[in-house]
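The structure appears right after this line, and notes come after that.
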Amino acid sequence: MRRLKLGCALFDYGRELTVAFRENLGPSGDFGRRPQVASDALTGLHRPVWIAFFLFVLVFVAAQLIWPGDYVGKDNDDIMRLVVVRDFLQGQGWFDNMQYRLGMAGGTPMHWSRLVDLPLAFLIQFFSLFLSQTNAEKAALLVWPLLTVVPLLYAVAAGSRRMGQKEWQGAGFIGLIGAVLFVLSSNRFRPGSIDHHNVQLAIMAVLAACLIQSPARAKLHGLAGFCAALAIAIGAETTPLIAVACGIVAVNWFWYGERARGATLAFGVTLAIALTGFFYLTIPPVRYGVVVCDALSLGYYALGIVGAGGLSLAAATVSGQPRAVRLGALAAVGIATALAALWIAPQCLSNPLDSLDPLLKTMWLDWVMEAQPVWKQIRYQPFTAGAFYVTPLIAFVVGIHAIRKGRMVREHVILLTLIIAAYGIALVQIRGAVFSNLLSIFILAPMLALLRARANADAKNVKKALTFAAMALACVPFVWAIFGLLVSKAFDGADEVQQTRTAMSTAAGACLTEDALAPLREEPDGVVANASNLGAPILRFTGHRTLSAPYHRNQAGMLTALRIGMSPPAQAKSYLDQAGVTLLTFCAADPQVERVMEEAPDGLYARLEKGQIPVWLQPIESTMGKPVEIFRYRP
């Protein structure tokens, strides 16, 4: 009966959404009338966006009711973010980003921004006024990922409409549908997903939507500058894309000169002011002069100020000069920024993960799939590659065709530049693919709108209808994932391989549950030696300090945990002594533990798997034969 009611509710919401779309379609077939001035950028979008949002919320709430599970996302970052927010709510200082229960004695400095911790902490505090602490966390972790969807829906709908406003019908409508499908198929926006990636995706969508507006629209370029500063402050992953966005604004000013003066000034000044605010708001005074490459610090701040300040100065003084003069000014700004990078942060010009210990690269980083290049993705998971890499290629072809036809040339060049940058990142690290897939919607929505208009105009033409349907499916990354799954089933043994992987994943996941780790809570708080995947759950469910969790700043703790598992018992004992370990956890199904046992067949983990327990490890009997076996260390 509950499922029937939910189905009826979904149907009613879908019908209302369709009615809203029809009511808001103007003569052109797009939302409302075509925008004429800056204040009209969102005209006609509010009702469709909010209906789409509530439909999206209803789907996820229904899924939670039908398939209840843990209220925290499955990603280690989601769990660790909750741990960090809990510490903040329990009195850890705003400027204190240490995770004292992670790694060796003294803890590990985290590279995450308090700007994401703050709204989560506020929501938990708000819900705790009338809910228990656990239920307050559940409510906050349900609400926050859903809220990050709102700016993304607005940005994609507005940007898609902008790209199709001249000739093509319904681009905003199809862009909004594409955005909804994107968030539905992404794990970044599901309840419990509280790492910063959903915020970064929303920021990039808004930034792209602002940049493709008229080069004379100062307010929207000011918003783009704020988004650029916020993206830098939240995480370094998007820094290359932000650098490309700044370059786009600079080239835009070079080409349009006086017409783009106000927009360029708005972008540069807002970026400089916002970045300054975020720097002093989140960096403690004692670290003003410290340069790190994985978070906002003096390095990114100085480069941002020099670049944005220089561009603003150039726009204020030589916008009316010939292009040759403007090119010289841009060259001067570029040289100044490059010199600042070489002087202040030369170490940030390379990949910060290159400095990882070789053992960590072999036993950890090489197995983090989102950090792998395209060739490893194709080698280990060939049937999923289409979901990451095909849609942006289609967008590239469509964009080039539009440029050749003279359609929205400037806007297509901007979007293709961003997509190519994100795609380049995705070729080196798969995690960049989500950005290229998102940005592709801006280009693909108008193309689909055109095919839809042609099919509607000639309803009896089956070929046009099938062309629209085929392209609509081809432009959705999730469809390629399903296609890859179906293709994999056609190969001999592919089903068995998938079933084996699923069984292994289920077995490893059993080690991360509260029940599996509950016996740890009964032990006096101490130091736990563990595989890295168990680190964040141990911090969440217990009061212990854990040696290892998958974070690159915790090299010492991760290395020590690996050496404990790989070393013969006598040598492992010395590592246990050095780290002050009191408890050891052993999950034989954990992928890292399996690799350790393969690489070190005489190591401690391999001995434990064979039942050869050293005398100085006291088994906790209630855990023997369970997913996580726990041992007390008795030196």
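The values are calculated or read from the model by the stated rules, or taken from the named source; none is laboratory data. Everything quoted here is computed from the prediction, not taken from an experiment. No Cβ is skipped: glycine too gets one built from the backbone with ideal geometry, and neighbour counts run over all protein chains shown. Side chains included, ligands, DNA and RNA excluded: accessible areas come from the protein's heavy atoms. Shrake-Rupley method; radii C 1.70, N 1.55, O 1.52, S 1.80 Å.
If you roll a 1.4 Å probe over the heavy atoms of the protein chains, what accessible area per residue do you get for the stretch 155-283, in Å²?
Values: 3680 Å² over 129 residues.
Dividing the accessible area of the stretch 155-283 by its residue count gives 29 Å².
To the nearest whole percent, what portion of all C-alpha pairs in the stretch 56-108 is separated by more than 14 angstrom?
Numbers: 902 of 1378 pairs.
Cα-Cα pairs of the stretch 56-108 separated by over 14 Å account for 65 percent.
Please list, short to long, the whole-number percent of alpha-carbon pairs of the stretch 529-635 in consecutive 10 angstrom bins beginning at zero.
P(r) over the stretch 529-635, rounded to whole percents: 15, 54, 29, 1.
Can you tell me what percent of all Cα-Cα pairs in the stretch 358-414 are more than 18 Å apart? It would help to have the intermediate numbers written out before the result.
Values: 862 of 1596 pairs.
Pairs farther apart than 18 Å: 54 percent.
Round to a whole angstrom and tell me the spacing of the C-alpha centers of the stretch 563-595 and the stretch 212-235.
First find each Cα centre; the distance between them is then 49 Å.
Can you list the lysines whose alpha carbon sits under 23 Å from that of K405, skipping same-chain ones fewer than 8 residues off?
K166, K464
Report for the chain the percent antiparallel among DSSP-assigned beta bridges with both residues inside it, nearest 5. Don't skip to the answer; put the middle values down first.
Working: 10 of 15 bridges.
Approximately 65 percent, going by the DSSP bridge assignments.
How large is Rg/Rh for the stretch 215-285, to two decimals, with Cα atoms and a Kirkwood Rh? Present the calculation step by step, with values, prior to reporting the outcome.
Values: Rg = 12.6 Å, Rh = 12.3 Å.
Reported Rg/Rh (Cα atoms, Kirkwood Rh): 1.02.
Calculate I(q)/I(0) for the stretch 380-463 by the Debye formula, one identical point scatterer on each C-alpha and no solvent, and give its log10 at q = 0.11, 0.17, 0.24 Å⁻¹ to two decimals.
So the normalised log intensities work out to -0.36, -0.72, -1.07.
Cut-off under 27 Å on the C-alpha distance; same-chain residues fewer than 8 positions from K626 excluded. Which lysines are left, in chain and number order?
Excluding near neighbours in sequence, the set is K74, K573, K610.
For every helix of n ≥ 4 consecutive DSSP H residues, a contribution of -39,500 (n - 2.57) applies; sum these over the chain, divide by its total residues, and give [θ] at 222 nm rounded to the nearest 500 deg cm²/dmol.
-21000 deg cm²/dmol
Mind checking the log10 I(q)/I(0) for the stretch 291-440 at q = 0.11, 0.16, 0.20 Å⁻¹? Debye, one equal scatterer per Cα, no solvent, two decimals.
The calculated log intensity ratios at q = 0.11, 0.16, 0.20 Å⁻¹ are -0.66, -1.10, -1.17.
Among the lysines, which have Cα under 18 Å from the Cα of K361 when same-chain residues fewer than 8 positions away are ignored?
Here the lysines satisfying the reach criterion relative to K361 are K376.
How far apart, in nm, are the 7 Å Cα→Cβ label points at F54 and Q571?
It is 6.5 nm.
How large is log10 of I(q)/I(0) for the chain at q = 0.05, 0.08, 0.10 Å⁻¹ when the intensity is taken from the Debye formula with one equal scatterer per alpha-carbon?
Calculated log10 I(q)/I(0) at the listed q: -0.25, -0.65, -1.00.
With the calculation restricted to Cα positions, what are the radius of gyration and Dmax of the stretch 52-211 in angstrom?
Final numbers for Rg and Dmax: 17.9, 64 Å.
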